[in-house]
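Any read-out appearing in this document is the output of simple, stated calculations on the displayed coordinates, not a laboratory observation. All of these numbers come straight from a predicted model, not from anything done at the bench. A quick note on method: Cβ atoms are made from the backbone with ideal geometry, for glycine too, and the neighbour counts reach across all protein chains shown.
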Protein chains: 2
Amino acid sequence: MARIVMKFGGTSVADLDRIKNVARRVKAEVDNGNEVAVVVSAMAGVTNQLVGYCQSLSPLFDAREYDAVVATGEQVTAGLVAIALQELGQEARSWQGWQVAVETNGEHGKARIESIEGEELIERMKLGQVPVVAGFQGIGPDNRVTTLGRGGSDTSAVALAAALKADQCDIYTDVDGIYTTDPRIVPNAKKLSKITYEEMLELASVGAKVLQTRSVELAMKERVRVQVLSSFADIPGTLVVDEEEVVEKEIVAGIAYSRDEAKITVRRVPDRPGIAAAVFVPLSEANINVDMIVQNVAEDGTTDMTFTVGKTDMARALRCLEQAKSEIGFTEIISDPNVAKLSVVGVGMRSHAGVAGTMFKTLADRGINIQAITTSEIKVSVLVAAEYTELAVRALHTAYELDTSAC
Amino acid sequence: MARIVMKFGGTSVADLDRIKNVARRVKAEVDNGNEVAVVVSAMAGVTNQLVGYCQSLSPLFDAREYDAVVATGEQVTAGLVAIALQELGQEARSWQGWQVAVETNGEHGKARIESIEGEELIERMKLGQVPVVAGFQGIGPDNRVTTLGRGGSDTSAVALAAALKADQCDIYTDVDGIYTTDPRIVPNAKKLSKITYEEMLELASVGAKVLQTRSVELAMKERVRVQVLSSFADIPGTLVVDEEEVVEKEIVAGIAYSRDEAKITVRRVPDRPGIAAAVFVPLSEANINVDMIVQNVAEDGTTDMTFTVGKTDMARALRCLEQAKSEIGFTEIISDPNVAKLSVVGVGMRSHAGVAGTMFKTLADRGINIQAITTSEIKVSVLVAAEYTELAVRALHTAYELDTSAC
């Protein structure tokens, strides 16, 4: 017997037939002798509709009212799933965020879970009842409804699994697991049976949007075993687990890409102490995240600084730098939104040399120029022209022997 | 300066443009120097959709889950109206039933309000903030969401007006007031400027579905001045008030009709003590409401009993009586769903004789046969064949001099 949290995303509860399917899956787990709690998202499309209402009424809507409005989507699904379970003869009841209670901080629209009361739910699970918890929401310090930001139901599920001391948190979605890369680009990409939290985090943060980043951070911190699997197929998914649990460590777990960044180069800034601060403090004050940073070797007492920002922040970043021109003292700014970031991720890199070298050589062999490089302990990322994205991903996937045929 | 509760029904908040219109109306009342609290229904169609979901998943759905699901409709509107008010520069915040708190008993799906915490809302109104309260809902003794039954937002508004000690409760709807009868049948029906609680109650209970009956009962009990008016036109509506406030009392306030009942006659039951109990106790045990009851004079030791039940209960009532046949001892049962109940209502009847006589004579002059009669202090109701409904309503409306031209 195990205790399991099952989380179903918006496409898994998109209509009444799918909700019935969810109920059957949950009941099957209970019939297998497990204690089960469920976390649900809003029916697909509902959250967008509610967000649209708020935006239409006021572009600068009050985040507290936004939360009160959009949190209803999950409340509807929770009630409906409870009814569907009861119809199958399975005892169940819905729980809204404030009823559990899922306590969060007061940052409406992107609140963080601070604690979850698990005792009452554990009692009920022991008596055979399935709690169906509305995801994505909690209650803030002022007793108002908060939401956790898009994809927040993943975090709700992981946090609930931690609070309930669950053995596993199964995230049901519309893909059947985590792949070595995007199967739309590499059809023979391989589904991973296991991946470490660290690898999942790196993949999540560079564009493999299966799990919300914060949910993976939380799972790692609380050591919650997470499984990503399909609600439409009856096959095992990918387990996201502690490094010790991954027996056969591949050197590289996967290749990720992101076309969400833009490159900015500030030309001929004076090469003096404090120049980096002069460039980046104004951006940070404008709440613009900077990612890859490259500073060239100085020539004639000046240097070029290249970095990336989110594509949607590019215009703001350029305005911001122009305003600080006299302080920074550059000659010109060059910007390019047509770039892609490619990342090779794997915990095996810690003990294996040559991973970066393989990457650089593979790209060079295809005539792909590298515009910037960043590395972490388990990741190498490069910036290339966006037009090479698919070519580069396929070449790297083959180079690291990740193609299915190679297994 | 007055303190006003403004309630907007589903058609008044049916889309974003109408929600903006509601916000403008509310702000105008605040700009007039009033303290205003708002109660809202779900956007038109939303509640039906949510009810449909529950029914599709399970014909015998759990009323507690049903409540959790359908109460979200009003929560959405409350948040959106608060946002629309803020967009106009008017301070506002939404309140869900559990936040206020609107405490109810535990009868899910048709809960009764037991108390409303008004202090916090009064404080905020004094500071210029408009509370926008989700109607139709409360919180039960077990901390779960309850709903008050269809039309329950009217009751929410009246109960809130009582709790806030408001000077008036304005119910905005898609009609512009209470008419002397249904204007679809009598185009020159007259809008009443005032009507007493008692009259409104009798009209509400016989089919003039402008206000939920329970809201009128509560207004009468708590002496809340209620105004029914249109959210689309800028004209005064009808005030529902205490009898003393109605200066020019008409003898008859209005003519109502209902085609929701069916007639059942139990033939030749023994004329003995306890026979009424033998007929009606089984019906009451089956939770079937009986309305008009007529017992003929006995002949040959037997009598006929005629009564009406709700049309949707007719089949069940007949089955119920057949099962009790040996105990009752009738010869046959005759049923007729094609009947209409016509009611003449007016507090003036208390002091004026001849109201019933005028009714009987008017119907007789048109050759309309009366199948049953019941009376209360301020109402006379008769049962006639349904085909005469419009003819009878028009004739009575003229006979009591209610036509507009007669004013």
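Identify the residues of segment A:284-303 with backbone N under 16 Å of a label point that sits 7 angstrom from the Cα of A:Asp271 along the Cα-to-Cβ direction, or state none. Answer for segment A:284-303: A:294-303. As a proxy for reagent exposure, ranking A:Glu299, A:Glu250 by other Cβ atoms within 10 Å from fewest up yields A:Glu299, A:Glu250. The 3J(HN,Hα) values that the Karplus relation (6.51, -1.76, 1.60; θ = phi - 60°) gives for segment A:295-310 are, in residue order, 10, 6, 5, 5, 9, 6, x, 10, 8, 9, 10, 10, 7, 10, 10, x Hz. Gly and Pro appear as x.
3J(HN,Hα) couplings calculated from phi for segment A:56-73 with the Karplus curve 6.51 cos²θ - 1.76 cosθ + 1.60 (θ = phi - 60°) are, in sequence order, 5, 6, 7, x, 10, 4, 5, 4, 5, 6, 3, 4, 4, 6, 6, 5, 5, x Hz; Gly and Pro show x. For chain B, the residue among B:Asn21, B:Gln96, B:Thr146 whose Cα projects farthest onto the positive side of the dipole built from Cβ charges is B:Asn21. For segment B:211-292, the list of trypsin sites (Lys or Arg not before Pro) that fall in a loop by DSSP and count at most 14 other C-beta atoms within 10 angstrom reads B:Arg223, B:Arg259.
Computed over segment A:1-127, the alpha-carbon pair-distance distribution with 10 angstrom bins reads 12, 39, 33, 14, 3, 0, each value a whole percent. When each of B:Asp31, A:Asp154, B:Asp176, B:Asp67 is scored by the number of other beta-carbon atoms lying within 10 Å, the sequence from fewest to most is B:Asp31, B:Asp176, B:Asp67, A:Asp154. If one computes P(r) from the Cα atoms of segment A:269-399, what percent of pairs lie at distances over 25 Å? I get 36 percent for the Cα pairs in segment A:269-399 exceeding 25 Å.
As a proxy for reagent exposure, B:Ser115, B:Ser343 were ordered by neighbouring Cβ count within 10 angstrom, fewest first; the result is B:Ser115, B:Ser343. Multiplying the residue separation of B:Glu91 and B:Asp167 by 0.36 nm and removing their Cα-Cα distance gives an extension gain of 25.2 nm. Where both bridge residues fall in segment A:100-245, DSSP classifies roughly 55% of the beta bridges as antiparallel. For the residues of B:81-91, the average number of beta carbons from a partner chain within 10 Å of their own beta carbon is 4. Annotation: amide H-H contacts under 5 Å for B:Ser94 (H modelled 1.01 Å from N, sequence separation of 5 or more, or interchain): B:Val132. Contact order, relative form, for segment B:3-174: 30 percent (alpha carbon pairs under 8 Å, 6 or more residues apart, mean separation divided by residue count).
Rounded if a/c is under 1.5, else prolate if a/b is larger than b/c, else oblate: which is segment A:169-240, with a ≥ b ≥ c the root eigenvalues of its Cα gyration tensor? Judged from the Cα gyration tensor, segment A:169-240 comes out oblate (a/c at least 1.5, b/c at or above a/b).
Rounded to the nearest 20, the Cβ-based charge dipole of the protein assembly as shown about its Cα centre (Lys and Arg +1, Asp and Glu -1) stands at 860 debye. In this structure the amide hydrogen of A:Val36, modeled in the peptide plane, comes within under 5 Å of the amide hydrogens of A:Ile4, none closer than 5 places in sequence on its chain. Here the contact order of chain A, divided by its residue count and restricted to Cα pairs under 8 Å and six or more residues apart, works out to 14 percent.
In the structure shown, the pairs B:Lys311/B:Lys341; A:Lys7/A:Lys165; B:Lys7/B:Lys27; B:Lys27/B:Lys209 are assessed against 23 Å; a Cα-Cα span above that value is assigned to B:Lys27/B:Lys209. Across segment A:266-331, the relative contact order, built from alpha-carbon pairs under 8 Å that are at least six residues apart, equals 46 percent. Only helices enter the 222 nm calculation for the protein assembly as shown: every DSSP H run of n ≥ 4 contributes -39,500 (n - 2.57), and dividing by all residues gives -10500 deg cm²/dmol, rounded to 500.
Sparsely packed loop sites in segment B:4-99 (the GluC sites (Glu not before Pro) outside DSSP H, G, I, E and B with at most 16 other Cβ atoms within 10 Å) comprise B:Glu91. Using DSSP, restrict attention to beta bridges with both residues in the protein assembly as shown and report what percent are antiparallel, rounded to the nearest 5. Expressed as a percentage, antiparallel bridges in the protein assembly as shown total about 60.
Take every DSSP beta bridge whose two residues both sit in segment B:261-398; close to 100 percent of them are antiparallel. The phi torsions of segment B:9-22, fed into the Karplus equation with coefficients 6.51, -1.76 and 1.60 and a -60° offset, translate into couplings of x, x, 6, 6, 10, 5, 8, 5, 5, 5, 5, 5, 4, 4 Hz, rounded to whole numbers, with Gly and Pro shown as x. The loop-placed trypsin sites (Lys or Arg not before Pro) in segment A:1-64, going by DSSP, include none that has at most 14 neighbouring Cβ atoms within 10 Å of its Cβ. Relative to the compact-globule estimate of 2.2 N^0.38 Å, the Cα radius of gyration of the protein assembly as shown comes out at 1.24. Averaged over peptide B:321-327, the number of partner chain Cβ atoms lying within 10 Å of each residue's Cβ comes to 0.
How many angstrom lie between the Cα centre of segment A:337-374 and the Cα centre of segment B:114-159? Between the Cα centres of segment A:337-374 and segment B:114-159 lies a distance of 60 Å. Remark: the Cα gyration tensor places segment B:293-340 in the oblate category, a/c being 1.5 or greater and a/b not exceeding b/c.
Report the FRET efficiency, 1/(1 + (r/R0)^6), for A:Glu119 and A:Lys221, where r is their Cβ-Cβ distance and R0 is 30 Å, rounded to 0.05. That pair, A:Glu119 with A:Lys221, gives E of 0.90. Close amide-amide hydrogen proximity is noted between B:Arg112 and B:Asn105, B:Glu107, each under 5 Å apart and 5 or more residues distant or on a separate chain (H modeled in the peptide plane; Pro and chain starts excluded).
With a Förster radius of 35 Å applied to the beta-carbon distance between A:Ile373 and A:Ala2, the computed FRET efficiency rounds to 0.20. Counting only other chain Cβ atoms within 10 Å of each residue's Cβ, the peptide B:68-77 averages 6. When its C-alpha radius of gyration is set against 2.2 N^0.38 Å (N residues), segment A:266-331 gives a value of 1.05. Model label sites at B:Asp336 and A:Ile185, defined 7 Å from Cα along the beta-carbon direction, differ in position by 8.0 nm.
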